[in-house]
Amino acid sequence: MSMPTLALEDRDDLFAFAEEDPNEPSAVSKKTPWKVLIVDDDREVHAVTRLALQDVTFENRPLLLLGAYSEEEAIAMLQRERDIAVVLLDVVMESDDSGLRLVRFIREKLENDAVRVILRTGQPGCAPERGVVATYDINDYREKTELTSSKLFTAIYSALRAFRDIRALESGNRGLERIVDASFNLVQPTDLQHLSTEIARNLATLLAAEHDEARGHASGVTVVDGNGGLEVLGGTGRYARLASNPQNGGLESEIIGRLTHVLQNGTELFDANRYTAALSTPQGVHAAVHVSDVEDINHSDRRLIHLFARNASVTFENLKLRSELEENQREILYFLGEAVETRSRETGNHVKRVAEISALLAAGYGLGSDQADCIRMASPLHDLGKIGIPDAILNKPGRHTDAEREVMKTHAGIGYEMLKHSKRPVLQAGAVIANQHHEKWDGSGYPNGLHGEEIHVFGRITALADVFDALGSERCYKKAWPMEKVLELLREERGKHFDPNLVDLFFENLGGILQICDQFSDAKAA
């Protein structure tokens, strides 16, 4: 249905409005345009509207004017172009309520609350303003006879401002969701290297998330201020390979300069396509993260990224403190195990070798990293019960009598009784190991004569590691065995003293086990 559009007396005003825009056209044309959809069955309305808006820009971005001449065409256009900012909508087209049905389609079917709808009507009687505004989610209501070019300009500007602000809020909400997700990811890592890689990866993803063409191309690296300069802890993208060369090998000198600057000043640096920030905390953590190859970092992005960096700093500090606490616990357990070994005139490095060999076997046996670390920390307690054995028996240079041997056997139960009441997982594991590391696969061990898999895997692993190292070490009652003889005994005791699968695993990893023996040798300790 053809309806009058702008009043004839306003046509001079309309043409006067279409003056040359002061912005540089070439600069404006490079900007992503604002999409405005004209929905009207009158072609003259389309022509006049295009003429009125042809040189309009908003925030130095031009308008892209799209057209639809029916409700059906408009639906197809809205489904195809999901980023339309403004709809200039006629009420009466194929039917008296075509425009109103289209409003419902936009808000309910497309669930598009961002696009601004300016209702234009030449027959206000068909759609009274008060009822339409109260019933439908529209943003402006204008009679075509009152819509001069200046008022059209004002309406478009107001609608674009509202659309921009709604999109900014939506982007902010999505950004906050990404920050929450990314911050949650930082809770999962169990060591600083893993956390450092996650910080770099999540930050690169956040900075590229709004730019499809940049997704997956951003590269991040996390470093720590070590004694000898920057050390790479983790990276992603083109920086991923640097983690294997921690002394900043491969980092560009400019990037090193940026990282050094933020570390010294506790600040962050934003460029058009780079971000560098210190992760330093009051507790003395001196780390920094850098991300390259992102598209753009706007003001909203900066606030969100700053929030993520703060969360990363706290997580980094907490994990570092946790790592230090675990290391302190490990040292205390080593010292405790070494104290027992020293009392029995044996080298304290025995417990370190048993710990590392046990952890290696646990990992190879298929136990998780947490369990492997648990046995590493708990195995030094395997002979804790020797603290209750009299010196005359413990340090006797010759062979024990049967009675003395029975007293020595009690150290398994003594260690278990000392540790069994603890609720700490490591000490609970220590209690099991102390009690079962002299049990044998064929059931001939002590103190309970357990058989096969009745023996906890921690006990089976520690038993093998302990016997291997004890035979190869000098004790008050014997000389160290040659390695060939030790390995021969392990083969002979496969399926008797030791879990056969563990013996096989031991020989599969013999090279790594011998490296542990060399690293913690008694000669190096001396």
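The values are calculated or read from the model by the stated rules, or taken from the named source; none is laboratory data. On a predicted model such as this, the values are computed, not experimentally measured, just so you know. Ideal geometry is used to build each Cβ from the backbone, glycine not excepted, and the neighbour counts take in all protein chains shown.
Some observations on this one:
- Of the residues making up segment 461-483, one or more are more than 22 Å from D383 (Cα to Cα), surrounded by fewer than 20 Cβ atoms within 10 Å (Cβ to Cβ) and not aliphatic (A, V, I, L, M).
- Among the residues of segment 51-72, those that are charged (D, E, K, R) and either surrounded by 15 or more Cβ atoms within 10 Å (Cβ to Cβ) or part of a strand (DSSP E or B) (or both) comprise D55, R61, E71.
- When E439, E406, E453, E356 are checked against the criterion of being closer than 23 Å to F498 by Cα and outside any helix (DSSP H, G or I), a single residue qualifies: E439.
- If you go through segment 57-77 and keep only what is at pLDDT below 90 and farther than 20 Å from A114 by Cα, you end up with just N60.
- Of all the listed residues (A288, A312), the sole one being in the same structural domain as H194 (by TED's automatic domain parsing), at pLDDT 70 or above and not in a helix (DSSP H, G or I) is A288.
- From the list H438, H456, the one residue that fits, being under 27 Å from L333 (Cβ atoms) and surrounded by 20 or more Cβ atoms within 10 Å (Cβ to Cβ), is H438.
- Filtered residues of segment 376-417 (kept if more than 22 Å from E439 (Cβ to Cβ), free of Cβ contacts under 8 Å to residues at least 60 places away in the same chain and among the charged types (D, E, K, R)): D391
- The single condition among (1) outside any helix (DSSP H, G or I); (2) in contact (Cβ under 8 Å) with a residue 12 or more places away in the chain that E111 does not satisfy is (2).
- Within segment 417-426, one or more residues are closer than 27 Å to Q515 by Cα and either at pLDDT 95 or above or out of contact with any Phe, Trp or Tyr (no Cβ under 6 Å at 6 or more places or on another chain) (or both).
- Within segment 345-387, the set of residues being in contact with a His (Cβ under 7 Å, 6 or more places away or on another chain) and either surrounded by fewer than 24 Cβ atoms within 10 Å (Cβ to Cβ) or modelled with pLDDT under 85 (or both) comprises G385, K386.
- Within segment 429-461, being among the charged types (D, E, K, R) and over 19 Å from L490 (Cβ atoms) holds for E453, E454.
- Pairs are defined by a Cβ separation below 7 Å, a sequence spacing of at least 6 or placement on different chains, a first member in segment 252-279 that is without any contact (Cβ under 8 Å) to a residue 12 or more places away in the chain, and a second member that is charged (D, E, K, R); the pairs so defined are L269/R258.
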